[in-house]
1. Quick check on my filter: what residues within the range 87-105 are at pLDDT 85 or above and buried (at least 17 other Cβ atoms within 10 Å of the Cβ)?
2. What residue, of Ser482, Ser453, is within 21 Å of Gly516 (Cα to Cα), at pLDDT below 80 and among the polar types (S, T, N, Q)?
3. Applying the selection to the range 368-385, what residues are assigned to a strand (DSSP E or B) and either touching an Asp or Glu at 6+ places or on another chain (Cβ under 8 Å) or surrounded by fewer than 18 Cβ atoms within 10 Å (Cβ to Cβ) (or both)?
4. Give the range 358-383 a look and list any residue that's more than 18 Å from Met494 (Cα to Cα) and more than 43 Å from the chain's Cα centre (by Cα), or say none.
5. Taking the stated definitions as given, is Glu555 without any contact (Cβ under 8 Å) to a residue 24 or more places away in the chain and charged (D, E, K, R)?
6. Do any residues in the range 234-255 that are under 22 Å from Tyr159 (Cα atoms) and in the same structural domain as Gln785 (by TED's automatic domain parsing) have Cβ atoms under 8 Å from those of residues that are modelled with pLDDT under 95 and surrounded by fewer than 21 Cβ atoms within 10 Å (Cβ to Cβ), where the two are at least six apart or on different chains, and which pairs are they?
7. Restricting to the range 165-208, name every residue that is over 34 Å from the mean Cα position of the chain (by Cα), touching a residue at least 60 places away in the same chain (Cβ under 8 Å) and in a strand (DSSP E or B).
Amino acid sequence: MWLGPEEVLVANALWVTERANPFFVLQRRRGHGKGGGLTGLLVGTLDVVLDSSARVAPYRILHQTQDSQVYWTVACGSSRKEITKHWEWLENNLLQTLSIFDTEEDITTFVKGKIHGIIAEENKNLQPQGDEDPGKFKEAELKMRKQFGMPEGEKLVNYYSCSYWKGRVPRQGWLYLTVNHLCFYSFLLGKEVSLVVQWVDVTRLEKNATLLFPESIRVDTRDQELFFSMFLNISETFKLMEQLANLAMRQLLDSEGFLEDKALPRPPRPHSNISALKRDLDARAKNECYCATFRLPGDERLDGHTGCTLWTPFNKLHIPGQMFISSNYICFASKEEDACHLIIPLREVTIVEKADSSSVLPSPLSISTKSKMTFLFANLKDRDFLVQRISDFLQKMPSKPPGNSRAGRKASIVDSAPEFSPALQEVSEQPASPTSPLGGLQGSHAQEAPTASQGLLKLFQRNTSMEDLGAKGAKEKMKEESWHIHFFEYGRGMCMYRTARTRELVLKGIPESLRGELWLLFSGAWNEMVTHPGYYAELVEKSTGKYSLATEEIERDLHRSMPEHPAFQNELGIAALRRVLTAYAFRNPTIGYCQAMNIVTSVLLLYGSEEEAFWLLVALCERMLPDYYNTRVVGALVDQGIFEELTRDFLPQLSEKMQDLGVIPSISLSWFLTLFLSVMPFESAAVIVDCFFYEGIKVILQVALAILDANMEQLLGCSDEGEAMTVLGRYLDNVVNKQSVSPPIPHLHALLTSGDDPPEEVDIFDLLKVSYEKFSSLRAEDIEQMRFKQRLKVIQSLEDTAKRSVVRAIPGDIGFSIEELEDLYMVFKAKQLASQYWGSSRPAAVRRDPSLPYLEQYRIDTNQFQELFASLTPWACGSHTSVLAGRMFRLLDENKDSLINFKEFVTGISRMYHGDLTEKLKVLYKLHLPPALSPEEAESALEATHYFTENSSSEEALQQEEQEGAGNDVQEKRREEKGTSPPDYRHYLRMWAKEKEVQKETIKDLPKMNQEQFIELCKTLYNMFSEDPMEQDLYHAIATVASLLLRIGEVGRRFSAWSGRESRDSAPEEGEPPAPHPPQDVAQELQPPAAGDPQAKAGGDTHLGKAPQESQVVGEGGGGEGQGSPPPASV
């Protein structure tokens, strides 16, 4: 490549001059290529350690003049061919011109201007691509691709200098982190180390410090353990490695590859060694943390953050923290964890103004909302820019959210103040009469429009006043009053100040009248519902009447959803639950429906309308419990692993016992998937759900640890899993909520596990208190870190399970051992993933569907099969290999979808490796018949086949139809004679067993081959024997056999044509003996060979085992070559 001329020192110790003329010098890096000796080793080591550009470009061209001591680099090259091309261009275009100039300064100026012009012309062609990566980074990317053979589709994210510990010796080198691979290269004194690890193969990734490996990063795969240390910034490196490994796990989980964010703004001053991909990944990490912290929709994009203070009117303080600005929200988080959190939706903002600065309140900013709340921020470093950004976002906000009359009561709250008004709680788009709750839903599948416009608990609760409930009613009224006081002091709705006081009120219990409202706020579901008015109604309308596997599973589980509650003992509750679950399955077909969703959704419907329950379910499945409710419940398995790890940390004396009993996997899934709703009385579990929506998964883990801690003595005395499950079940059945004002609901699980001596009742609030006192050290950040570690283990374990399942699905007669099949599966999977990394012409091959059976999840197309065929097959054919691979692919593709799975792939490879001689010949024969032979290759062959086989095939088909018709008539008569008694089950068992028997194909079952197809077969044989030691003898044998078979086919064709014509023209009269004779030339050709001609005798008895007129080799024109003559010119 051409380089901008730069001054260099000519170091003869490091470069060797290969060519020279009066104006230019071509040099090679010492040690590159063959030889080099000790000097070459030292130079190579120096290049690797110092990351010299000579590693990528070991050739260069310098410009020089006779009297000047200054040299200028004008070009470099990675190969001799590339640098020679530049050298020849300089000699042909500049050498004659430079001799005209009088002064050396003019010569140098002209050369520099010419080179700059060439570079500018090349950059003009590359400009539309918008490549943001700096020059230093591009150079590193070129080194990576050259060293590890990566295609251009593999993007480098960043690279670091570090040491790889090989045994006890550190090898200094460079670590390259790409989107799909971890690569390391080291070259020290002739010892080269090159590593390439796919992120999808990583099973463990952690940062640790030991005596042997001080502050190192450990990377484990199924086959090896790698340790890297001596990083300049190990935390930054490890964080990036975590992100890339997480992306790879996400790719295995749901087949979502990495897509660069094109909307990411360009930096004003790009860093010299930071790529656009690195900035993209950093922005993603910040964005994910931002959305998780404030429970915002996943598509919200963080624009920036800055330090500031917030005036809190409830305690008259300025709280320091961070302000976050995104496209739809302004958020604040205090430096102290529980001091204050604030979320201000821009849709609620009415005024943004700069207040007057003072020494007490520098750079203040005031934000007012529709709910008459004003927020005062101060100590903003760049207030003017911040105001401009907020103004830009406000201008993009719609003046009024789009919607229709179906948006219901909640959409109208946007323009009201405060957001949640008690007067609006009873408003509904289709009011239902409490006296007639069924309304118009008498049918079993009524899904016309949402009708449950309020929580089902309000429709089915007893008409009992708080005064009649006594102490419970008074306690509930005190809770409501406490929350109303809190709303008055801290605000109500999304703009509420969230502090430690808010958590205290949640832990004391949310009153039932406010439960649905606060669930929407704390989960963030309220934001999505307000910004998508009418969305749920549209989903219900679209999903009505649509049937799928998900809808079948939903119908099966509808009546299992809290059957003990009166709300789900009639059609109103059942129909509402059906609509919500079906609408979500229609929204997210990747998840569809999973067991336990019905239990959780039924509880959501008790406290909110259908639309509110739907958006709570969205928040639950897609943000708060990620990957919980997919087909493999990966998220629940991940948190189960976290639970086991926390048990080892907090309850070490119980951990080993629980592992021996195998209890944790049995209990944790039901606890986590249903949020304790299926194992605990409903009134008690609802309190845990309150805390869950406020705190997240942390509460579930804390409560689970508290339950084990409370039953430690009994669990340590258990002898088996069943006994331990009974202990925990009886304990959970007796967790009560003494403050609940709802009528007690009989718990189905309690009825099944009741015993003679029930344990003491445990108050749910006492259990929560203990969980916070003993296990409050759990932090959300730590849980996310643990989730990453466990996700690696769980997904790789699932991949191993898939591999074993696929291998077991392969028939036993395939010929390969279990170990060989597993190795082939890994190669097959890697090839499919490579196409997913670097693109493919077929989207179906790239996109893997994890919902399919294991055998169908990984499939390859013809291009990928050709690469595997060339590297694995024993039938190498040189340049003809790709043609043969294409035919083999079409032969194996039984369903004609242009994709083959692992079973089809292994079947083809096994025939070539483990089949007997006859089996291999049959495969080779089939490769030259349709469908293996492509239409282009077989175009002339099809014409010939049609011409020669039309009459015979039609006659055979007619005879077959007549025979089938006669057989049917006979069977009908036999049935009439026997009567109407049907055959017994043994008859069908015999028929089924007969169908399951593998019909072994014989040579006689193979279809006929015409002359064109036979010539293609001969061409393949010629290519297969190329470069064989006995190449000439094999060529002669092929020519001899091919010529003889062609002659036999020609004779058979002529004889068949003659006999058919004779039978039509001269049919014998009755009583007249037929005496047909073949023509003279045909009869001569059909004479048996002489005894002294063994070659002709062998040729007459073909491998087909048929008479000459039945030969499967037929052709048009004739094959008149004699024995030993060369094959046709086309071969």
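1. Hits for the range 87-105 are Trp87, Leu90.
2. Of the residues listed, the single one that is within 21 Å of Gly516 (Cα to Cα), at pLDDT below 80 and among the polar types (S, T, N, Q) is Ser453.
3. Ser368, Thr369, Thr374, Leu376
4. Ser358, Ser359, Val360, Leu361, Pro362, Ser363, Pro364, Leu365, Ala378, Asn379
5. Answer is yes for this residue.
6. Short answer, once both residue conditions are applied: none.
7. Answer for the range 165-208, where residues must be over 34 Å from the mean Cα position of the chain (by Cα), touching a residue at least 60 places away in the same chain (Cβ under 8 Å) and in a strand (DSSP E or B): Pro170, Gln172, Phe187, Leu188.
The rows are residues; the columns are (1) in contact with a Leu (Cβ under 9 Å, 6 or more places away or on another chain); (2) closer than 18 Å to Leu14 by Cβ.
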residue	(1), (2)
Leu62	yes, yes
Trp72	yes, yes
Lys85	no, no
Glu88	no, no
Glu91	no, no
Leu98	no, no
Phe101	no, no
Ile107	yes, no
Gly113	no, no
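The values are calculated or read from the model by the stated rules, or taken from the named source; none is laboratory data. Just so it is clear, the structure is predicted and the values come from calculations on it, not from any experiment. Positions of Cβ are backbone-derived with ideal geometry, glycine not excepted, and every protein chain shown enters the neighbour counts.
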